[in-house]
Amino acid sequence: MNRLSFRRVLLTACLVLAPLATTRAQQAYQSPSADLVKILEAPANPITSISPNRQWVLVTVSDPRTITISDMADSAYYLAGSKIRANPDYRIENIGIRSGTVSSIDGKVERQLQVPAGGRLGSTAWSVSGNELAYTTISNGDMSLEILDLATGRTRHVTASGLSGKIRDLDWSRDGKHLAFTVTRPSGTAVMVADVATASARRVTAQSLNFTTARGNIVDDPGCNWLNGKAPLVCRLWPANRKAAPVTSEIPTGVIVQESYGRSAPARTYEYLLQGPGDEALFDYYFTDQLSLIGVDGKITPIGPAGIHTRATPSPDGKYLLVETVQRPYSYQVPMDVFPSRTEVWDLNGKVLREIRNSHVAEEAPSARDAVVPGIRNVNWRPDAPATLVMVEALDKGNPRNTVPKRDQVSLLSAPFAGAATPFIQTEYRYGVITWIDPKTAFLVDRLSRGARQRLWMIDPSAPNGGTPKLVWDRSAEDRYSNPGALVTVLDPATERFVPLRSSDGKSLYLRGDGASSEGDRPFIDRFDIATGKTERLWQSSAPNYEQVLQVVDPDATRIITQRESPTDPPNIFVRDLRNKSVTQVTKVGDPAPYFANVKSELITYTRPDGVKLSATLYLPPGYDKSKGRLPFFFWAYPREFQSADAASQLAGSPYQFKRPGRQNYLMLLMHGYGVLDGPTMPIVGVSGKEPNDSYIEQLVASAQAAVDKIVDMGIADRDRVAIGGHSYGAFMTVNLLAHSDIFRTGIAESGAYNRTLTPFGFQAEPRTYWEAPEVYNAMSPFNYANKIKAPVLLIHGQRDDNSGTFPIQSERLFAAIKGNGGNVRYVQLPLEPHGYTSVETQRHLLWEYINWLDKYVKNAPPRAATSATAGSQAPK
């Protein structure tokens with residue numbers, strides 16, 4: 001018998017002797033029932049947008065995203081932490097916003113955005129003044145651009161020679177006279193500018209935009225910006241001498257070498273990294289751009305040399321650019337945002353006026369609490385000065401273990417950027433942010449991760465070293481109940497930046513917050529006295545409604561725009577007059593999810609044995625009552641770390657909200673006879689000065705057990721038919737619960753990481769490395785306990801997972817471990833999908849997987865042995 005024949009015989013014997021062994025095959029995409037698909041793909045909830053002048057409200061209703069798997073199969077490269085399309089995305093799908101309505105805040109005027117029959121709205125953009133709205137429409141594979149004058153209701157159609165293709169990136173000039181936008185065709189992406197008065201546009205770029213960096217998801221700013229709100233535009237173009245893409249050979253010309261000698265360079269675990277010289281060549285090709293000034297007349301002036309520019313931010317006076325450029329050597333260990341780079345100030349001719357920072361090695365902050373990279377780490381323009389840089393630098397070399405009186409220093413450097421920077425202020429904690437109010441007033445936040453401390457200081461920018469800082473508050477960042485809220489900001493039409501709204505006498509600002517309390521959230525608005533730091537409550541939501549402040553209409557806060565809802569009334573926009581206590585309804589949006597109208601919802605609370613209070617949103621199927629018997633249940637959860645038990649016990653949400661399930665896959669189970677416990681809190685608390693994860697397993701099991709006990713005690717759940725699921729860190733939680741307890745009949749784990757030795761430099765909020773806390777990493781890794789996982793597990797993972805730490809190999813190895821130990825496991829790999837699943841085929845198939853898996857192992861499963869089904873017996877293994 002030859003070797004090939006012997007292998008065939010051996011394979012046949014294995015299949016006969018092991019009928020329950022692993023099977024591996026590609027399965028066609030499946031779909032649940034048509035009724036469930038209709039709900040899964042129903043229009044999304046309405047979205048509200050308030051005009052910059054706070055006089056108009058836009059409400060849009062959109063289709064769900066319907067990206068297909070064929071859309072995702074486009075040619076792409078995965079380079080330096082990013083997915084890069086080989087060709088521009090020029091396709092025009094007849095999807096988007098179904099309708100758009102603009103209403104005046106007095107409720108007297110309503111404007112409907114004009115959409116062709118059978119068409120859709122694409123994108124919208126308010127003018128800086130708030131008096132006009134630009135929007136695109138989609139119909140029969142074509143797009144058009146319209147401009148709506150809100151005062152008159154007149155809509156003008158923008159025309160231009162050769163205006164065809166995918167229109168997006170709408171950007172108004174500050175004076176409202178011009179509207180810039182991009183048009184993408186198979187040949188590339190062009191910039192066009194419309195004259196608003198005549199509604200005529202022209203192409204202003206002969207070269208195409210670099211579509212790799214022009215989408216705003218790769219760099220800190222979009223591909224084109226008005227310079228100080230007016231012409232010219234600052235754009236990233238392909239270099240003029242750009243040639244064909246490099247062709248990489250599959251035949252290596254040598255070995256790949258990485259080196260490190262004596263320098264500590266910890267890095268978290270990343271996906272899509274550069275793999276060799278061929279990737280470096282592609283990275284250079286797709287990311288290199290030419291910064292250029294583009295006039296409305298089409299004149300193009302290159303700025304400086306071509307390069308990989310991750311930042312090109314104009315100074316407030318429009319005379320300079322703050323430019324960050326990636327430089328070699330590229331790293332094979334981290335993504336491009338921590339590649340070696342230099343930060344410089346350029347004039348508009350591309351001349352380097354000052355080098356601010358120059359790193360020659362890839363740098364990432366260590367995972368330790370309050371650790372940062374040494375040297376200048378944060379550089380931005382001061383927004384209230386013509387051209388002044390604000391720079392932040394660690395005084396402790398970035399190491400929180402170093403004993404120093406001050407941690408960080410903030411310095412200022414103004415044009416012409418000569419000489420040494422001027423020290424402005426030093427902080428005892430790590431620098432957070434500065435909010436500039438006026439020449440004599442600013443607010444500084446400093447923070448300390450250990451202990452979760454956060455302080456707000458009032459400082460004087462005109463005085464040396466910020467004057468004498470005045471402490472406004474010192475609080476725990478975890479404490480929702482004491483949260484004073486955030487400053488109300490409005491768009492300043494003179495500078496196009498969001499600034500705190502100030503009272504007409506200049507003495508007060510305004511704070512709006514959630515108003516968290518033990519009874520639930522009660523949003524509020526306060527007046528904040530700048531001189532004293534004291535607050536005055538102007539208004540707060542009260543039962544039986546949940547009402548949150550969206551915006552303040554006038555400087556003295558006599559009128560506020562709110563969104564109000566109740567358990568029976570869907571969210572709508574109102575204007576409250578706080579002087580005469582009157583309320584005007586602006587919008588009249590109906591139930592956004594009528595198919596869920598008979599789903600019962602409730603915010604429930606309960607307590608685990610150590611006294612930590614927990615909460616969850618309970619959903620019951622349409623028409624259910626206890627007389628029909630106990631339900632099978634599915635939990636969907638995500639753990640969170642706390643350094644205080646009091647903070648972990650705080651309630652989030654309100655019993656007065658209009659609760660409608662979203663259209664996530666697991667919530668569709670409500671229409672299939674399951675109860676769902678959504679977001680049961682799973683706090684992991686640092687006890688007696690220890691890190692939270694030191695007792696991760698014990699606290700996780702206790703929280704899960706308390707949740708099950710609660711719904712069983714309510715008489716609605718069958719303790720023997722409860723399942724758990726989660727995504728990412730929630731998947732990690734799911735498998736740990738199956739490994740360390742018998743609480744759940746099965747688990748569904750999406751895109752998790754299960755072996756923490758593969759993420760040795762920290763994960764989530766864990767500040768220690770594997771070598772500093774090996775016992776914690778090992779105890780928290782469910783992979784190490786695969787032999788104890790007896791409940792069936794459904795593992796799901798996107799094959800193109802782009803999230804830090806959650807490589808697909810995590811699920812592959814866990815599947816092999818459970819299988820090797822005789823467990824019951826199904827592993828579903830999702831082609832082309834990243835960490836968050838996108839395509840319509842995938843979403844339908846996942847719901848089909850959920851239903852089939854849970855029906856088999858929960859709803860229709862035989863009772864477990866009495867020893868494991870008795871109330872309270874599902875103790876840790």
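Side notes on the structure shown:
- Residues of the stretch 746-756 satisfying the condition of being surrounded by 24 or more Cβ atoms within 10 Å (Cβ to Cβ) and either in a strand (DSSP E or B) or of a type in the set (V, I, T) (or both): G747, I748, A749, E750
- A44 being open to solvent by 30 Å² or more (accessible area, probe 1.4 Å), modelled with pLDDT under 85, closer than 30 Å to N824 by Cβ and not basic (K, R): no
- Test result for Y777, at pLDDT 95 or above and buried (at least 22 other Cβ atoms within 10 Å of the Cβ): yes
- Test result for S144, assigned to a strand (DSSP E or B) and among the hydroxyl-bearing types (S, T, Y): yes
- Residues of the stretch 370-427 that are over 29 Å from A265 (Cα atoms) and within 27 Å of the chain's Cα centre (by Cα): W381, R382, P383.
- Matching entry among R154, R111 (being farther than 26 Å from Q585 by Cβ, at pLDDT 90 or above, open to solvent by 40 Å² or more (accessible area, probe 1.4 Å) and over 30 Å from the mean Cα position of the chain (by Cα)): R154
- Single residue of the stretch 359-400 satisfying the filter (modelled with pLDDT of 90 or more and basic (K, R)) that is nearest to K319 (Cα to Cα): R382
- For the stretch 276-293, the criterion of being in a loop (DSSP other than H, G, I, E, B) and out of contact with any Gly (no Cβ under 8 Å at 6 or more places or on another chain) is satisfied by at least one residue.
- Output for the stretch 533-552, where each listed residue is within 31 Å of the chain's Cα centre (by Cα) and open to solvent by 10 Å² or more (accessible area, probe 1.4 Å): W539, Q540, S542, N545, Y546, Q548, V549, L550, Q551
- Members of the stretch 118-141 that are touching a Pro at 6+ places or on another chain (Cβ under 9 Å), assigned to a loop (DSSP other than H, G, I, E, B) and at pLDDT below 95: N140
- The condition (being farther than 16 Å from T48 by Cβ, open to solvent by less than 30 Å² (accessible area, probe 1.4 Å) and out of contact with any strand residue (DSSP E or B) (no Cβ under 8 Å at 6 or more places or on another chain)) is satisfied by just one residue among A557, A593: A593.
- Flag for D297 being open to solvent by 30 Å² or more (accessible area, probe 1.4 Å), over 17 Å from V338 (Cβ atoms) and more than 28 Å from the chain's Cα centre (by Cα): yes
- Figure legend. Inter-residue proximity from the stretch 335-353: first residues touching a residue at least 60 places away in the same chain (Cβ under 8 Å), second residues surrounded by 17 or more Cβ atoms within 10 Å (Cβ to Cβ) and in a helix (DSSP H, G or I), beta-carbon distance below 9 Å, spacing 6+ or different chains. Indicated pairs: M336/F283; M336/F287.
- Residue in the stretch 388-431 that is most open to solvent (accessible area, probe 1.4 Å), counting only those that are in contact with a Gly (Cβ under 9 Å, 6 or more places away or on another chain) and outside any strand (DSSP E or B): K397
- Flag if G590 is part of a loop (DSSP other than H, G, I, E, B), free of Cβ contacts under 8 Å to residues at least 40 places away in the same chain and within 31 Å of the chain's Cα centre (by Cα): yes
- The one condition in (1) of a type in the set (S, T, N, Q); (2) crowded, with 18+ Cβ neighbours inside 10 Å; (3) outside any loop (DSSP other than H, G, I, E, B) that T806 fails to fulfil: (3)
- Taken over the stretch 663-711, the residue count meeting the criterion of being within 30 Å of T66 (Cα to Cα), aromatic (F, W, Y) and at pLDDT 95 or above is 1.
- Candidates are the residues of the stretch 615-642 that are small (G, A, S) and part of a loop (DSSP other than H, G, I, E, B); the one that is surrounded by the most Cβ atoms within 10 Å (Cβ to Cβ) is A637.
The values are calculated or read from the model by the stated rules, or taken from the named source; none is laboratory data. Remember, it's a predicted structure, so these values are computed and weren't measured experimentally. Heads up, the Cβs are rebuilt from the backbone with ideal geometry, glycines too, and the neighbour counts pull from every protein chain shown. Heads up: the accessible areas ignore ligands, DNA and RNA and are worked out on the full protein's heavy atoms, side chains in. Shrake-Rupley method; radii C 1.70, N 1.55, O 1.52, S 1.80 Å.
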